[in-house]
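Down below is the structure, laid out as structure tokens.
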Amino acid sequence: MTGVVLGPYATQILGDYGADVVKIEPPGGDIMRHAGPMQHPGMGHIFINANRNKRSVVLDLKQAQHKAALLKLCASADVLTFNIRPASMARLGLSYEVLRAVNPRLVYCGAYGYSEGGPYSALPAYDDLIQGAACIPWLMTQSGSPEPRYVPATFADRVTGLNMVHAVMAALIARSRTGQGQSVEVPMFECLLQFVLGEHLGGQTWNPAIAPMGHSRMLAANRKPYATQDGYICALMYNDAHWRAFLSLIGQAELFESDARFTTQNARIEHIDALYGFVQTQLRRNTSAYWMDALVARDIPAMPMMALPDLLTDPHLLATGGWLDVPHPHEGALRQLRPPVRMSGTPTAIRYGAPRLGEHTREVLAEIGIAL
């Protein structure tokens, strides 16, 4: 019972791992079906890329017969996922107490904006709002952006979706030991805060604080791709070996010993913005191809700065089978990124493409003896 990005992304990963995922949709369908571009109505690109390996069942849960069908599905299910607020689930008569009575082994996993019990609990939540609450736009300004900006991706949704995947699997492992299901809460705000504050809690890690919040390397204004004579590359001199190699490459090896800013990791962190600026001055003096060859030859971490179209012909993705040509029964040929996790014993796979709205309603309900 998930829609938009957070829940569908999480359950697609579970489907890639081999789960039988039944997507319960209202009569109008998941709203993300209608976000173009698309070839056919209700099959937008974001929906297609978050809902493979699922079967679609349409139920109007305000109708008693349809709600009864959902409860019967839950009676034999391992997991029920949803990303609407708990109060809405309760109004539908689908609280954990109700579902636990139907199936004590059910893992009941809700992903929504904020943990229950606080002043934000009843608020609606979307990716932009959660990014703002978790300081992402503010951090952009602290690192040199002229104005607050969101990360140009559904960052909060997908970070929370990854937490939802491992929360479901952890609950299933617990059930294998106890025989009992449980209610699982996966809140967007707190999940994204855990992601952000891992670095930026800073001196407030101690109580009382020993330094301000924020991580200086992450917030350095010069922490960005380096401009070269003809483009940009991404490079990172991180440890002693990297800095010695880079300074030798540019003919200034003596600086590692003579300039205290380079000599230790603590000193480099303290002066990191100035050191990023120093590297930038050097890299402007030659081409991207020159620097990539020179840095890689010296085992200094470097990568080209990719643009989206570059990924379609990326040699690494080509060599590792990263792009798959997937035939879809209604959409024709689709380009899909291979599920990134590879397992030797239970391989991930794209078994079937994203479903049309209600495509499997009769099939799935027939499996539990219901004809709607």
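The values are calculated or read from the model by the stated rules, or taken from the named source; none is laboratory data. Keep in mind that what you see is a predicted model, and the values were worked out from it rather than measured. Here Cβ is always computed from backbone atoms with ideal geometry, including for glycine, and neighbour counts include all displayed protein chains.
Observations, loosely collected:
- Screening D78 against (1) surrounded by fewer than 21 Cβ atoms within 10 Å (Cβ to Cβ); (2) more than 23 Å from T160 (Cα to Cα); (3) touching a strand residue (DSSP E or B) at 6+ places or on another chain (Cβ under 8 Å) leaves a single unmet condition, (2).
- Only one entry in R342, R362, R285 is closer than 30 Å to A260 by Cβ, at pLDDT 95 or above and of a type in the set (K, R), namely R285.
- Answer residue from the range 117-135, given it is in contact (Cβ under 8 Å) with a residue 40 or more places away in the chain and more than 18 Å from L6 (Cα to Cα) and is surrounded by the fewest Cβ atoms within 10 Å (Cβ to Cβ) among those: Y120
Per-residue answers, yes or no, for (1) touching a residue at least 60 places away in the same chain (Cβ under 8 Å); (2) assigned by TED's automatic domain parsing to the domain that holds R158; (3) touching a strand residue (DSSP E or B) at 6+ places or on another chain (Cβ under 6 Å); (4) among the basic types (K, R):
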{"site": "G214", "(1), (2), (3), (4)": "yes, no, no, no"}
{"site": "M218", "(1), (2), (3), (4)": "yes, no, no, no"}
{"site": "D230", "(1), (2), (3), (4)": "no, no, no, no"}
{"site": "A235", "(1), (2), (3), (4)": "yes, no, yes, no"}
{"site": "Q252", "(1), (2), (3), (4)": "no, no, no, no"}
{"site": "F262", "(1), (2), (3), (4)": "no, no, no, no"}
{"site": "N266", "(1), (2), (3), (4)": "no, no, no, no"}
{"site": "V279", "(1), (2), (3), (4)": "no, no, no, no"}
{"site": "N286", "(1), (2), (3), (4)": "no, no, no, no"}
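- Of all residues in the range 143-176 being in a helix (DSSP H, G or I) and of a type in the set (K, R), the one that is nearest to L80 (Cα to Cα): R175
- Counting only helices (runs of 4 or more DSSP H) wholly contained in the range 177-265, the ones carrying 1 or more residues that are of a type in the set (D, E, K, R) and closer than 19 Å to A302 by Cα occupy 216-219, 240-249.
- Condition check for V296: within 25 Å of G144 (Cβ to Cβ) and either surrounded by 16 or more Cβ atoms within 10 Å (Cβ to Cβ) or at pLDDT 95 or above (or both): no
- Residue that is surrounded by the fewest Cβ atoms within 10 Å (Cβ to Cβ), among those in the range 1-37 that are among the hydroxyl-bearing types (S, T, Y) and assigned to a loop (DSSP other than H, G, I, E, B): Y17
- Residue match in the range 209-222 (condition: at pLDDT below 95 and hydroxyl-bearing (S, T, Y)): yes
- Scoring Y108 on the criteria (1) part of a strand (DSSP E or B); (2) closer than 23 Å to A366 by Cα; (3) of a type outside the set (S, T, N, Q) leaves a single failure, condition (2).
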